[in-house]
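What follows is a short report on a single structure.
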Amino acid sequence: MKRLQSIDLIRGAVMIIMALDHVRDLMHVNSLTQIPTNLATTTPLLFFTRFITYFCAPTFVFLAGTSAFLNFKRYNNLLVTRKYLISRGLALIFIEFTIVNFGMFFDLGFHTFIFEVIATIGFGFVILGLLLPVPSKVLGIIGLLIIFTHNLYPMLPFDKGSAIGTIISQFFLPGATPFGPRVFVMAYPPIPWLGIMLCGFATGNIFALPVPKRKEIFLWVGVSALVVFAIVRYLNFYGDPLPFTVQPTTVYTSLSFINLTKYPPSLLFCLVTLGILFIAFATFSGSANNKIAGVLSVYGKTPMFYFLVHFYLIHVLMVVMLFIQGFHWTDLNFASGNFGRSKNVKSGLGLGAVYLLWLFVVIALYKPCMWYAKYKATHKHWWLRYI
């Protein structure tokens, strides 16, 4: 199957949105002390600045599964595809704990090892490679079962504080495990995200259908997911560990209704994010040859390159910001896990400046992404398959 522009377009859009969250994380004045989704302290604008980025990780993981399916059909060779998925999965885990972790913390001592979206995609690729002989529809059913039932894990009757229980919990729940002077942070428990990837793999079949039929299925699935979300959320008994509550104002009650758990991605989180993703598939399936689609596709064709470079650029800009605000190199503590900033000393920028810097980062990376896309298309180096 040929490369689908609609996938590049949607992936490019969420790559751009993703950068907003990372600029906010590293540079917003309250990012170290305020949770944007804490309704007791947030504002609607800060809440939505965080909420809009919720669509990024599910889209990356889902489309990673879809891309794996398209590669499988392209090569039409189980062993070749399996070797590629497993090797790339292991490479992504290695990249997460080296290049990505350093770009995130700038800590030469690597005092914090964090398992985030790149590693969870890598884990998913390894498992998917092993499961390739299983029919895609069966994998899709397994993925749906994981999405709909993984919120039951905390209720399972076994000792989660035991050694084996602690290990198993790392696959389902976030947590931090110290070892010596360092800490391992499980931010993206891989089993719930594997469910999303398996569904993405199974959905690859739909992209082979004629565009009108494809749009019809995508729209039906997307709207159905949002309807199920609204019903389950209103019933308020399952699907997310954080129930919605009536707030002092209608606006904040509405925010509570969509205040969902990402770590791990709850059933309701998946229904909203993937439901809207399917509606986007329905909207952009087929040809999209306008200028905006072309720009978005540039970012979508170079996701790993963009991901790596944008983290380093944002972190360098954060250091420059601290110097401008009067801090010195000796004031920066990169081993703390706070990117170099201190929770005890005020630093950072207001939300308006965060948005301006976000636009700067996105625009600054357009030409490099265009160059890398052309380089990748005209060269056959082995490492290009991994970045």
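Just to be sure, is Leu79 open to solvent by 20 Å² or more (accessible area, probe 1.4 Å), in contact with a Leu (Cβ under 8 Å, 6 or more places away or on another chain) and either on the phi < 0 side of the Ramachandran plot or part of a helix (DSSP H, G or I) (or both)?
Taking the combined requirement at face value, the residue does not satisfy it.
Quickly run through region 348-384 and pick out the residues that are of a type in the set (D, E, K, R) and either in contact (Cβ under 8 Å) with a residue 40 or more places away in the chain or not in a helix (DSSP H, G or I) (or both).
Lys376, Lys380
What are the pairs, 6+ residues apart or on separate chains, where a residue within region 317-328 that is without any contact (Cβ under 8 Å) to a residue 24 or more places away in the chain has its Cβ under 6 Å from a residue that is of a type in the set (Gly, Ala, Ser) and in a loop (DSSP other than H, G, I, E, B)?
That search, which allows pairs on different chains as well, returns Gln325/Ser347.
For Leu384, work out the one condition from (1) of a type outside the set (Ser, Thr, Tyr); (2) over 22 Å from the mean Cα position of the chain (by Cα); (3) modelled with pLDDT under 95 it doesn't fulfil.
(2)
Scan region 98-133 for residues that are more than 25 Å from Gly200 (Cα to Cα) and of a type in the set (Phe, Trp, Tyr) and report the count.
5
Listed here are the residues, each with its yes/no results for (1) assigned to a helix (DSSP H, G or I); (2) among the basic types (Lys, Arg); (3) free of Cβ contacts under 8 Å to residues at least 24 places away in the same chain; (4) touching a Leu at 6+ places or on another chain (Cβ under 7 Å).
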| site | (1), (2), (3), (4) |
| --- | --- |
| Asp8 | yes, no, no, no |
| Arg11 | yes, yes, no, yes |
| Arg24 | yes, yes, no, no |
| Asn30 | no, no, no, no |
| Thr33 | no, no, no, no |
| Thr37 | no, no, no, no |
| Leu46 | yes, no, no, yes |
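Determine which single condition Ser6 fails, assuming it passes every other condition in (1) open to solvent by less than 30 Å² (accessible area, probe 1.4 Å); (2) within 15 Å of the chain's Cα centre (by Cα).
That leaves (2) as the condition not met.
Residues to consider are Val138, Val134; find the one that is at pLDDT 95 or above and assigned to a loop (DSSP other than H, G, I, E, B).
Just a single option satisfies the conditions, and that option is Val134.
Return only the number of the condition from (1) assigned to a helix (DSSP H, G or I); (2) open to solvent by 10 Å² or more (accessible area, probe 1.4 Å); (3) among the polar types (S, T, N, Q); (4) modelled with pLDDT of 95 or more that Thr261 does not satisfy.
Status for Thr261: all satisfied but (1).
Can you pull out every residue in region 129-165 that is surrounded by fewer than 17 Cβ atoms within 10 Å (Cβ to Cβ) and in contact with a Lys or Arg (Cβ under 7 Å, 6 or more places away or on another chain)?
Answer for region 129-165, where residues must be surrounded by fewer than 17 Cβ atoms within 10 Å (Cβ to Cβ) and in contact with a Lys or Arg (Cβ under 7 Å, 6 or more places away or on another chain): there is none.
All but one of (1) among the aliphatic types (A, V, I, L, M); (2) closer than 26 Å to Val295 by Cβ; (3) in contact with a Phe, Trp or Tyr (Cβ under 7 Å, 6 or more places away or on another chain) hold for Ala57, so report the exception by its number.
(3) is the only condition that Ala57 fails.
The values are calculated or read from the model by the stated rules, or taken from the named source; none is laboratory data. Computed from a prediction, not measured in an experiment: that's the story for all the values here. Note that each Cβ is placed from the backbone with ideal geometry, even for glycine, and that neighbours are counted across all protein chains shown. All accessible areas refer to the heavy atoms of the entire protein, side chains included, with ligands and DNA or RNA removed. Shrake-Rupley method; radii C 1.70, N 1.55, O 1.52, S 1.80 Å.
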